[in-house]
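The values are calculated or read from the model by the stated rules, or taken from the named source; none is laboratory data. Quick caveat, the model's predicted, so the values are computed rather than measured. Positions of Cβ are generated from backbone atoms using ideal geometry, with glycine treated the same way; all protein chains shown enter the neighbour counts. Accessible surface is based on the protein model in full, side chains and every heavy atom, while ligands, DNA and RNA are left aside. Shrake-Rupley method; radii C 1.70, N 1.55, O 1.52, S 1.80 Å.
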Amino acid sequence: MKKMWKKLLCAAVAGGMMFSTAGATDWGLWYGNGVNQPPNGEDTVQTLAQYGAYYMGEPDEKVLYLTFDCGYENGNTAKILDTLKKHHVPGAFFVVGHYLDAAPELVKRMTDEGHLVCNHSDNHPNMTTVGYDRFVSELTGLAAQYKALTGKKIAPFFRPPEGSYTYNTLRWAQQLGYHTTLWSVAYADWDPANQPSHAGAKQTINSRVHNGAIVLLHAVSSTNAAILDDLITNWKAQGYTFKALSALPGLADPTVSALPNHALFTVDGQTAAPTAFLIDGSNYIKLRDIAAMLADTEKGFAVAYDLATDSVALAGGRTYTPLGTELAGVRDAAVVQAGAGSQQITLDGAPLTLTAYMIDDENYVKLRDLAQAIDCGITYDPATQAVDLNPSLPYEA
C-alpha cells in the first residue's frame, strides 16, 4: 500500500498539468528577474491577496518562510525536525490524511515542537477537478483528523495539491478560513528515485532564495534532509531571519517567534521552574507561573480570567489559587508562535501597561513590566542570563 501511494503521489506531482481543467492555474515560476530576486508567478501578489492567498511575503524584508510538503513518510522528516530545532527555525508542514495515518508520532512532534501543521487536503486530488462539496470535505476531513490526533486546530493555511487552483477554489478555501499558500522557491526534489546532488541542490536553491521567500521543500527528499543544516547556516550568515507563515504580512493577527528560555529563574535565591520564552531578547513568563512563584510572599497576587471579555484581573495581596499546570519548566520546542495577549490586564482594577502575548492559550507577560507594576525587585546576571525575583525589595529600572 505504501509503495502504491508513493507511485500515485509521484505521478500526480509530475503529471499535474495533464489533469487540470479549463480555467485552472498550474502554479509555475519564472526566475528571469535575476539571482536572488523574487520570481514572477502565474498570478501576481495583488491578485492572490484578493483571496487571502500568498506565494511570497514582503520583498523588502530579509525574511524566509520554510514549508515542507508531506505526502508520505520516507524516513527524512525526523532529521528535518532535528535541524529546525537545532537552529530554532519554525517550519510549516503541509500534510495529507495518509501522512496522519502513517506517521502520527511525527505529526505530534511537529506540533509539540512549535511548528505549524497545515492542510494539504485529505486525499491529495487535483482540487480543480472536484466540485464544491468534495473540496470542502477534503479540507474539513483532514482538519478533523488532525484535531482527533493532537487535540489542536490545524493551522489556517492550505496548499493545493500540484499547485493547481482556480479562483473558485481560492475563494472556497478563504470561506473555510484558509489562506491558500503557494511558493516562490522550489526545485525538482519530490522523486525519491531521482534525487538531485547535494551540491547541485544547494546551488539551485541558493540562487533562487530571496527576501520574503516562501520556500517549498518536500519531506520525502533525502537531499533536503541532508542539506538543510547547511542551507539554514548559510542563510543566517547572509542576514536572513525566519518566520512562520502565521507572521506573513497582511494577516489579521500576525504572530511573533518565541524561543524556549533555558535561563535559571529564582525567587529570593530559591530555584523556580517557570515556562519562559525569549521574544526579541526579553524574558516572557507565563502569568500564572509568576503568580505561583510569588505566592506566599509580600508581592503575591490572585489571578482571575474572564472568558467573556478576554480580560485578566490581578488582585494584590490575595492568595493565588493554582490550576495545577504551573511551573512545568522549559518547553521542549524549536520555536513557538506567540499571538496577541488578552485584551486587558488589570491590577486592583487599574489597567496595566505591559506587553503580553498568548502562547498555547496562556498569557505570557514581559517579566520586567510585571515586576515594575507590582513593585517587585528583580536582578539579572548578563553573564549567565539568570534572573532572581526579590519580593522584599522595590523594583529598580
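In the set THR275, THR241, which member is farther than 24 Å from LEU352 by Cβ and β-branched (Val, Ile, Thr)?
Numbers: THR275 fails: farther than 24 Å from LEU352 by Cβ.
After applying the criteria, what remains is THR241.
In the range 352-368, which residue that is part of a strand (DSSP E or B) and hydroxyl-bearing (Ser, Thr, Tyr) is farthest from ARG288 (Cα to Cα)?
Step one: of the range 352-368, the residues part of a strand (DSSP E or B) are 356-359, 362-366.
Those still in the list that are hydroxyl-bearing (Ser, Thr, Tyr) too: 357, 364.
Numbers: TYR357: 13, TYR364: 8 Å.
Result: TYR357.
Could you grab me the full set of residues in the range 255-274 that are touching a Phe, Trp or Tyr at 6+ places or on another chain (Cβ under 8 Å), over 18 Å from LYS243 (Cβ atoms) and open to solvent by less than 20 Å² (accessible area, probe 1.4 Å)?
Of the residues in the range 255-274, the ones touching a Phe, Trp or Tyr at 6+ places or on another chain (Cβ under 8 Å) are 256-261, 271-274.
Cutting the leftovers down to over 18 Å from LYS243 (Cβ atoms) gives us 261, 271-274.
The answer is ASN261, PRO274.
Would you tally the residues in the range 312-331 being out of contact with any Ser or Thr (no Cβ under 6 Å at 6 or more places or on another chain) and open to solvent by less than 80 Å² (accessible area, probe 1.4 Å)?
Let us first name the residues in the range 312-331 that are out of contact with any Ser or Thr (no Cβ under 6 Å at 6 or more places or on another chain), namely 314-327, 329-330.
If we keep only those that are open to solvent by less than 80 Å² (accessible area, probe 1.4 Å) too, we end up with 314-317, 320, 324-327, 329-330.
Qualifying residue count, the range 312-331: 11.
Residue check: is TYR305 closer than 29 Å to GLY114 by Cβ, open to solvent by 70 Å² or more (accessible area, probe 1.4 Å) and not in a loop (DSSP other than H, G, I, E, B)? Break it down stepwise before answering.
On the way: closer than 29 Å to GLY114 by Cβ: yes; open to solvent by 70 Å² or more (accessible area, probe 1.4 Å): yes; not in a loop (DSSP other than H, G, I, E, B): yes.
The answer is yes for TYR305.
Among the residues of the range 275-302, how many are of a type outside the set (S, T, N, Q), more than 17 Å from ASP348 (Cα to Cα), open to solvent by less than 40 Å² (accessible area, probe 1.4 Å) and assigned to a strand (DSSP E or B)?
Step one: filter the range 275-302 for residues of a type outside the set (S, T, N, Q), giving 276-281, 284-296, 298-302.
So of that shortlist, the ones also more than 17 Å from ASP348 (Cα to Cα) come out as 276-281, 284-286, 289, 292-293, 296.
Among the residues that remain, those that are also open to solvent by less than 40 Å² (accessible area, probe 1.4 Å) are: 276-277, 279, 284-286, 289, 292-293.
Next, only the ones that are assigned to a strand (DSSP E or B) stay: 276-277, 279, 284-286.
Result for the range 275-302: 6.
Does the range 363-386 contain at least one residue that is in contact with a helix residue (DSSP H, G or I) (Cβ under 9 Å, 6 or more places away or on another chain), surrounded by fewer than 15 Cβ atoms within 10 Å (Cβ to Cβ) and polar (S, T, N, Q)?
no
If I ask for residues that are of a type in the set (D, E, K, R) and open to solvent by less than 10 Å² (accessible area, probe 1.4 Å), which ones from the range 145-181 would you list? First the steps, then the outcome.
Let us first name the residues in the range 145-181 that are of a type in the set (D, E, K, R), namely 147, 152-153, 159, 162, 171.
Passing the criteria: only ARG159.
Hey, any hits in the range 317-326 for a residue that's in contact (Cβ under 8 Å) with a residue 24 or more places away in the chain, in contact with a Leu (Cβ under 9 Å, 6 or more places away or on another chain) and either more than 26 Å from GLY114 (Cα to Cα) or among the aliphatic types (A, V, I, L, M) (or both)? Steps first, answer last, please.
Taking the range 317-326 first, the residues in contact (Cβ under 8 Å) with a residue 24 or more places away in the chain are 319-320, 322-323, 325-326.
Pick out the ones that are also in contact with a Leu (Cβ under 9 Å, 6 or more places away or on another chain) and you get 320.
Next, from what is left, pick out any that are either more than 26 Å from GLY114 (Cα to Cα) or among the aliphatic types (A, V, I, L, M) (or both): 320.
Yes.
Checking ALA252 against (1) open to solvent by 30 Å² or more (accessible area, probe 1.4 Å); (2) modelled with pLDDT of 95 or more, which single condition isn't satisfied?
Of (1) open to solvent by 30 Å² or more (accessible area, probe 1.4 Å); (2) modelled with pLDDT of 95 or more, only one is false for ALA252: (2).
Being touching a helix residue (DSSP H, G or I) at 6+ places or on another chain (Cβ under 6 Å) and not hydrophobic (A, V, I, L, M, F, W, C) is the filter here; which residues of the range 87-97 pass it?
Correct list: HIS87, GLY91, GLY97.
Which pairs do you get when a residue that is of a type in the set (Asp, Glu), found in the range 111-129, comes within reach of a residue that is at pLDDT 95 or above and open to solvent by 20 Å² or more (accessible area, probe 1.4 Å), reach meaning Cβ atoms under 7 angstrom, with the pair 6+ apart or on two chains?
GLU113/LYS85; ASP122/GLY141
Just wondering, is there one or more residues in the range 231-243 that are within 22 Å of the chain's Cα centre (by Cα), modelled with pLDDT under 95 and among the charged types (D, E, K, R)?
There is no residue in the range 231-243 that is within 22 Å of the chain's Cα centre (by Cα), modelled with pLDDT under 95 and among the charged types (D, E, K, R).
For the range 123-162, how many residues meet the condition of being under 23 Å from LEU216 (Cα atoms), of a type outside the set (Val, Ile, Thr) and within 21 Å of the chain's Cα centre (by Cα)?
Looking only at that region, the number is 12.
Return the residues of the range 126-144 that are part of a helix (DSSP H, G or I) and either charged (D, E, K, R) or open to solvent by 20 Å² or more (accessible area, probe 1.4 Å) (or both); say none if nothing qualifies. Don't jump to the end; show me each part of the working.
Step one: filter the range 126-144 for residues part of a helix (DSSP H, G or I), giving 127-129, 132-144.
Residues satisfying the conditions are THR129, TYR132, ASP133, ARG134, VAL136, SER137, GLU138, THR140, GLY141, ALA143, ALA144.
What are the residues in the range 244-264 that are in contact with a helix residue (DSSP H, G or I) (Cβ under 8 Å, 6 or more places away or on another chain) and closer than 25 Å to HIS87 by Cβ, if any?
Listed by number, the residues that qualify are PRO254, THR255, VAL256, SER257.
Can you tell me which residues in the range 31-80 are touching a His at 6+ places or on another chain (Cβ under 7 Å) and acidic (Asp, Glu)?
Listed by number, the list holds a single entry, ASP69.
Of the residues that sit in the range 332-351 and are under 21 Å from ASP369 (Cβ atoms) and in a loop (DSSP other than H, G, I, E, B), which one is most open to solvent (accessible area, probe 1.4 Å)? Before the answer, list the steps.
Here is the first cut: in the range 332-351, the residues under 21 Å from ASP369 (Cβ atoms) are 336-351.
When the remaining residues are screened for being in a loop (DSSP other than H, G, I, E, B), the result is 341-343, 348-349.
On the way: GLY341: 16, SER342: 14, GLN343: 153, ASP348: 108, GLY349: 64 Å².
The qualifying residue most open to solvent (accessible area, probe 1.4 Å) is GLN343.
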